[in-house]
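First the structure, in the form of structure tokens, and then the observations on it.
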Amino acid sequence: MKSLTVIISLAAAAFIATANANEVRLYTQRHYDADKEVFDRFTKETGIEVKVVKAGADELLTRIDAEKDAPQADLFVTVDAATLDRAAEAGVFQPHGSETLAGRFPDGLAASDGSWVPFTMRARVIVASKDRVSEPPKTYADLADPSYKGKVLIRSSSSGYNQALLASILAAEGKDKAVAWAKGVKENMARPPQGGDRDQVRGVALGLGDVAVSNSYYLGLLETSDDPKDREARAAVSVIFPNQGNRGTHVNISGGGVVKGAQNVENAVKLMEFITSAEIQALYQQLTSEFAAAKGIPPTEVQKAWGEFKPDLTTIHQLSDNTEEALRIFNLVGWQ
Amino acid sequence: MISRVIFWVACLILLLPVGQLLLGVFAPVDTESWEQVREYLLVPAIWESIYLTVAVCVLSLLFGVPAAWCVSRFQFPGRRLFSVLLVLPLAVPPYVAAYISTDAREALIPWLVSIRENQGVEAFLLAERVHRFSWLSVMLAAVLYPYVFLTARAAFSGTGCRLADAGRTLGSGPWRSFFTISLPLARPALAAGLFLVAMETLNDYGGVTYFGVQTLTPTLFKTWFGLGDIESARRLAAWILIVILVLRFLEVRFRGRAGFESQRRPARPTQLPKRPVLIACLIACFGPVLVGFLYPCLTLLYWLSRTTGPDRTEGLIRATGHSLGLGLAVTALCLLAALVINGINRFVRSPAQDTLARIASVAGYASPGSVLAVAIFGTAAFFREVPFLPEFVRPWLISGSLLWLVYGLSVRYFAIAGQMTREGLASIPRGLDDSARLLGGRPFSAFIGVQLPLLRPALAGAGILVFIDVVKELPLSLLLRPFDFETLGTWTYGLVDQGLIFACAAPSLAIVAIGSIGLVVVELFLLKRS
């Protein structure tokens, strides 16, 4: 028993959060292999260690809130513009104050008050079976058309990606159209929502539905997967960027900002500058098939094959104001 | 007097986060989103929870009871082996059991598509729902039934066995003796096992969301994440907790004085079954092992063989170390707390104290992991504000210090240690205490000298269950962990989250292997003693 106590206290001592001058500490919703590679390069170049806690965004925000008296994180990173704006509104961030960062992104993409910056973009695309769909849908609205009854695959309304999509429709077209759309899609569903975006694409390949909604980078991941079934699924569908005739395809942002009261502000800003540099933005496109958020980064071959598209940059900063209403609508129409 | 103080302090420490959570029922909430929860989400979620819990409980009985009956009543080749194998599914985390069925479920999609083509959309939707729900229930039951199996086996091989033998000698047939003697006698044991199964089912998040079944736990998460409303989520969690406490109370009341004795020397089965019974025995024993252990393990091994990509061995070894360390620390703390609380409760008799001990041993287990984590954040913030703390204590109080993770896990899994120790103590005759006291022993030395040795099997069983649960645990570890701290559970989650389903095989197998080794050791140790 005694030796056990000794072992435990020794082990614990190793994990006590000690203030180390040369590190940056992240609370992040994304910790893909690609992020690890980027962080390793950052450490190699700057000598600054990157320490990470990965969990869901709202859980991390709760933790940040509970730590207000003694902030532990330097940088908060998530994968949804609405969450970023909501966090900014709640006073989670402090301005990064970097001029390098300020000039890097297309107008209107980063937070206007300099609280957070985008790292990558993801487009919410429609995929359609190459075999069974000769005239694929051109807009999100088409998915609510009765001709697709029993043929649409889309994940649950708990998914932040779907909440953001409906929030963008709310912002651009108003409540009545948003309700009608959600209702129409709900009635067209091939099955009650389940699984992730990838499962929807696989569902189309297996014949369960004809069209599905997925984030663009999942298609890239399927294409480069080590599982032949994934690659076959990707090959069986065509990719459509919706709403090209009007406001553009709904895109969402993965990004982050410096946590208020952070202990390593300078290092955090350095990491943000590193991530949004041309070299690393190109690397992200290569590794995760996400789109670069910084200006002037050419798409990869995989992305070029999907075709060019116009992103909807008009609604991005209206998502957070509309998310709650979007959820109400999901609940109202019974979209699980 | 000192012992009373120790008792109250120990219970208070265990109940602090949950108490804070319960206060959430009275806290003012943004009524609009709470109204929404009530109007749209609550009723369907309650129904889905009831369907799923009932289905998993019934299946757990089907998996667990016949197998327990066979290994405790009949002498057949492979009996001892099965007795150990039947416990092993406990080492498979429910979320892993859910993931591994993906391939099999996808294989059935063409069948579903043909239903839609031939019988229309309505029939398809019904078939799809039944198909999904059945898979989920079977997979959950397949890894949770050991709770029922363990308690049922103990009951069948104790008094139940001897009375059933008596019944047989008086001319009742095997079926009659099972249904009229053994089963009623085992009822309290089955209820205790089913309670654990129901808790695990209600608390599951990974599995149910993967299958698109909206029970109360995902609803709670939806309230929290979707509506960004932690207060409504806490209120919901507090209500779930209250309902569970009431159910528990009713179960205990209903059980009355009928305790179940898990620690008596079990009678050795002597009956040699005839051929048809032997076949039935083998099926009853092999079926659950096949679904709950072999199927997950073989699937994971197959995935492991197909894993490509970067070498993750180093991370895996570190995560294994963290899981083992956490498991040991939490197990030690839980056992210690269980001994202190139950021991004092035995010597200092008071109804108020007894009620408190009962509540303390259910509360943490009954609260959803993530919500408990939030409560722990609150506790941590509370302690940081305590004035005049010595400086060296401060670093420990930062949220993200290992202290809170160990504390959170201990609060959650104390229930298992607390209850098993309690049942263990209850089966030690009071007369022994009195004899020890008569011979001049003080309560403490009587406890150390007399009860502790008798409690050993119960403690070993409790310890291993706590240990395995900590190794499998996800939400608390995910949320309370320090920087760059991966356990096997969080590692698995991270890989599945990236869609690296093959790569998640290695940490999943490590969880299963650690759990299995522990279970085998305890099973052999316990069996040897008997």
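For the stretch B:111-139, enumerate the residues that are β-branched (Val, Ile, Thr), crowded, with 16+ Cβ neighbours inside 10 Å and at the interface with chain A (Cβ under 10 Å from one of its Cβ atoms). Lay out the reasoning, then the answer.
Start the filter on the stretch B:111-139 by keeping residues that are β-branched (Val, Ile, Thr), which leaves B:113, B:115, B:121, B:130, B:138.
Checking which are crowded, with 16+ Cβ neighbours inside 10 Å leaves us with B:113, B:115, B:138.
Passing the criteria: only B:Val113.
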Next on the checklist: Every residue in the stretch B:79-110 that is away from chain A (no Cβ under 11 Å), without any contact (Cβ under 8 Å) to a residue 40 or more places away in the chain and surrounded by fewer than 16 Cβ atoms within 10 Å (Cβ to Cβ), please.
Outcome noted: B:Leu81, B:Ala104
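Quick one: which of B:Ile359, B:Ile428, B:Ile416 is of a type in the set (Val, Ile, Thr), within 24 Å of B:Ile464 (Cβ to Cβ), modelled with pLDDT under 85 and under 26 Å from the mean Cα position of the chain (by Cα)?
Exactly one residue qualifies, and that residue is B:Ile428.
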Checklist entry - Hey, any hits in the stretch A:189-211 for a residue that's at positive phi and not charged (D, E, K, R)? => result yes
Checklist outcome for this item: The one condition A:Ala235 fails out of (1) more than 14 Å from chain B (Cβ to nearest Cβ); (2) under 18 Å from the mean Cα position of the chain (by Cα); (3) of a type in the set (Gly, Ala, Ser); (4) farther than 26 Å from A:Asp35 by Cβ is (2)
Checklist entry - Which of the helices (runs of 4 or more DSSP H) contained wholly in the stretch B:369-440 include at least 3 residues that are more than 9 Å from chain A (Cβ to nearest Cβ), more than 29 Å from B:Arg234 (Cβ to Cβ) and in contact with a helix residue (DSSP H, G or I) (Cβ under 7 Å, 6 or more places away or on another chain)? => result B:402-426, B:430-438
Checklist entry - Could you list, in sequence order, the residues of the stretch A:64-112 that are farther than 19 Å from A:Gly160 by Cα, of a type outside the set (A, V, I, L, M) and within 14 Å of another protein chain (Cβ to nearest Cβ)? => result A:Asp65, A:Glu67, A:Lys68, A:Asp69, A:Pro71, A:Gln72, A:Asp74
Next on the checklist: List the strands (runs of 3 or more DSSP E) inside the stretch A:36-140, counting only whole elements, that have at least 1 residues being under 29 Å from B:Gly494 (Cα atoms), in contact (Cβ under 8 Å) with a residue 12 or more places away in the chain and of a type in the set (S, T, N, Q).
Outcome noted: A:75-78, A:117-129
Checklist entry - Which condition number does A:Lys183 fail, the rest of (1) crowded, with 19+ Cβ neighbours inside 10 Å; (2) more than 12 Å from chain B (Cβ to nearest Cβ) being met? => result (1)
Checklist entry - Would you pick out the residues in the stretch B:342-368 that are over 20 Å from B:Ala417 (Cα atoms) and part of a helix (DSSP H, G or I)? => result B:Pro351, B:Ala352
Checklist entry - What number of residues within the stretch B:334-356 are more than 20 Å from the chain's Cα centre (by Cα), over 28 Å from B:Val25 (Cα atoms) and small (Gly, Ala, Ser)? => result 2
Checklist entry - Residues B:Ala506, B:Ala462: which one is among the aliphatic types (A, V, I, L, M) and modelled with pLDDT of 90 or more? => result B:Ala506
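Inside the stretch A:90-127, can you point out the residues that are in contact with a strand residue (DSSP E or B) (Cβ under 7 Å, 6 or more places away or on another chain) and among the polar types (S, T, N, Q)? Show your work before the answer.
Of the stretch A:90-127, the ones in contact with a strand residue (DSSP E or B) (Cβ under 7 Å, 6 or more places away or on another chain) are A:92-94, A:96, A:101, A:105, A:109-110, A:115-127.
Within the stretch A:90-127, A:Gln94, A:Ser115, A:Thr120 qualify.
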Checklist entry - What's the number of the condition A:Lys151 fails, among (1) farther than 25 Å from A:Glu273 by Cβ; (2) out of contact with any strand residue (DSSP E or B) (no Cβ under 7 Å at 6 or more places or on another chain); (3) within 14 Å of chain B (Cβ to nearest Cβ)? => result (2)
Item to check | Members of the stretch A:49-63 found to be touching a strand residue (DSSP E or B) at 6+ places or on another chain (Cβ under 6 Å) and either at the interface with another protein chain (Cβ under 7 Å from one of its Cβ atoms) or buried (at least 21 other Cβ atoms within 10 Å of the Cβ) (or both), listed by number | outcome: A:Val50, A:Lys51, A:Val52, A:Val53, A:Lys54, A:Ala57, A:Leu60
Checklist outcome for this item: The residue from B:Val466, B:Val471, B:Val521, B:Val512 that alone is more than 14 Å from chain A (Cβ to nearest Cβ), in a helix (DSSP H, G or I) and surrounded by fewer than 20 Cβ atoms within 10 Å (Cβ to Cβ) is B:Val521
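Select from the stretch A:70-101 the residues that are among the acidic types (Asp, Glu) and either crowded, with 21+ Cβ neighbours inside 10 Å or under 10 Å from A:Trp116 (Cα atoms) (or both) and list them in ascending order. Even if it seems obvious, please write down each step before you answer.
In the first step, residues of the stretch A:70-101 are kept if they are among the acidic types (Asp, Glu); the result is A:74, A:80, A:85, A:89, A:99.
Answer for the stretch A:70-101, where residues must be among the acidic types (Asp, Glu) and either crowded, with 21+ Cβ neighbours inside 10 Å or under 10 Å from A:Trp116 (Cα atoms) (or both): A:Asp74, A:Asp80, A:Asp85.
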Next on the checklist: What are the pairs with Cβ atoms under 9 angstrom where one residue, in the stretch A:298-321, is over 24 Å from A:Gln163 (Cα atoms) and the other, located anywhere, is assigned to a helix (DSSP H, G or I) and among the basic types (Lys, Arg)? Sequence gap at least six, or different chains.
Outcome noted: A:Pro298/A:Lys304
Next on the checklist: Going by what's in this entry, would B:Gly321 be described as touching a residue at least 12 places away in the same chain (Cβ under 8 Å), assigned to a helix (DSSP H, G or I) and under 28 Å from B:Phe467 (Cβ atoms)?
Outcome noted: no
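The values are calculated or read from the model by the stated rules, or taken from the named source; none is laboratory data. Quick caveat, the model's predicted, so the values are computed rather than measured. Cβ atoms come from the backbone with ideal geometry, glycine included; neighbour counts cover every protein chain shown.
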